[in-house]
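Following: one structure in structure tokens, then a few remarks.
The values are calculated or read from the model by the stated rules, or taken from the named source; none is laboratory data. Computed from a prediction, not measured in an experiment: that's the story for all the values here. As a convention, Cβ positions derive from the backbone with ideal geometry for all residues, glycine included, and neighbour counts pool all protein chains shown.
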């Protein structure tokens, strides 16, 4: 279960939201940490044991590490990871490690300072690079998420591969989806990405080992740590093996990223018993569709990723 704890973000990535930002949800409509913990306890009782904390940017919400620490105490929780853009103070990484987090997925779309500032609306590349190093040195499993766009950062594919092998981490290339402000026409297919990678690394081989909970197909070099992951929602649908649901910061459970539909948990949370909450979660899982329709823009979720949980 991916859990969005805030719609706020300290960056303005151009494929995620407009430069002026989005209308922020009042805090009294955002799930409290107590409500999130109650949902997690109920989910664990149903067999959901792995959670990813997302946003917006989750680390901008005060008390995020305390939430993770409390989630770790729930019997049956196997793993907690989080997403971040890496722009928070390095002390946050130490706090996350102390709270027991297993992994961080760090967004990074360029290794060039000017491009990074442009795509993020003013972010500082060096901050994210320092966060990556701090995460690695803290023993946190570190993955990089990269969205490639034609005539923007497609010439950095091989640079990112070298970065992965140098750092001994996983860099995953994600195909742009038509959610919110995403424009798939501007993106590259991962088939094109693999061709570019093989030009520089002809010895690249498919990695059959299990590297996480998600849909990435990984490639590695013999005798090298680190790997390249390809997440191909548009051109190689993995819907039949999708194993996740999303909880938005306002309490809507989305069975599929593609669609606006979901099951609202607010009414169930108002009940004293957890029976209604369990029933609502079961309903969200039951109505999970067989597949997405990303190629039909009329059916796709119109909200920005930061609003539904990136």
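Residue 222 falls short on exactly one of the conditions (1) part of a loop (DSSP other than H, G, I, E, B); (2) modelled with pLDDT of 95 or more, and that condition is (2). Based on this model, can you work out whether residue 93 counts as under 20 Å from the mean Cα position of the chain (by Cα), farther than 19 Å from residue 252 by Cα, buried (at least 22 other Cβ atoms within 10 Å of the Cβ) and at pLDDT 95 or above? Yes: the conditions hold for residue 93. Return a yes/no flag: does segment 242-263 have any residue that is at pLDDT below 85 and part of a strand (DSSP E or B). Scanning segment 242-263 turns up no residue that is at pLDDT below 85 and part of a strand (DSSP E or B). Restricted to segment 32-60, and to residues there that are within 16 Å of the chain's Cα centre (by Cα) and in a loop (DSSP other than H, G, I, E, B), the residue that is modelled with the highest pLDDT is 57. The sole residue among 29, 12 that is surrounded by 16 or more Cβ atoms within 10 Å (Cβ to Cβ) and either modelled with pLDDT under 90 or out of contact with any strand residue (DSSP E or B) (no Cβ under 6 Å at 6 or more places or on another chain) (or both) is 12. The lone criterion from (1) closer than 26 Å to residue 203 by Cα; (2) in contact (Cβ under 8 Å) with a residue 60 or more places away in the chain left unmet by residue 157 is number (2). Does residue 6 satisfy the condition of being touching a residue at least 40 places away in the same chain (Cβ under 8 Å), more than 15 Å from residue 248 (Cβ to Cβ) and either buried (at least 18 other Cβ atoms within 10 Å of the Cβ) or touching a strand residue (DSSP E or B) at 6+ places or on another chain (Cβ under 6 Å) (or both)? Considered against the rule, which asks whether it is touching a residue at least 40 places away in the same chain (Cβ under 8 Å), more than 15 Å from residue 248 (Cβ to Cβ) and either buried (at least 18 other Cβ atoms within 10 Å of the Cβ) or touching a strand residue (DSSP E or B) at 6+ places or on another chain (Cβ under 6 Å) (or both), residue 6 comes out as no.
Take residue 114 and tell me if it is surrounded by fewer than 22 Cβ atoms within 10 Å (Cβ to Cβ), under 21 Å from residue 231 (Cα atoms), free of Cβ contacts under 8 Å to residues at least 12 places away in the same chain and more than 20 Å from the chain's Cα centre (by Cα). Judged against the criteria, residue 114 is not a match. Taking segment 47-60 as the range and being surrounded by 17 or more Cβ atoms within 10 Å (Cβ to Cβ), under 20 Å from residue 281 (Cα atoms) and out of contact with any strand residue (DSSP E or B) (no Cβ under 9 Å at 6 or more places or on another chain) as the test, only 48 passes.
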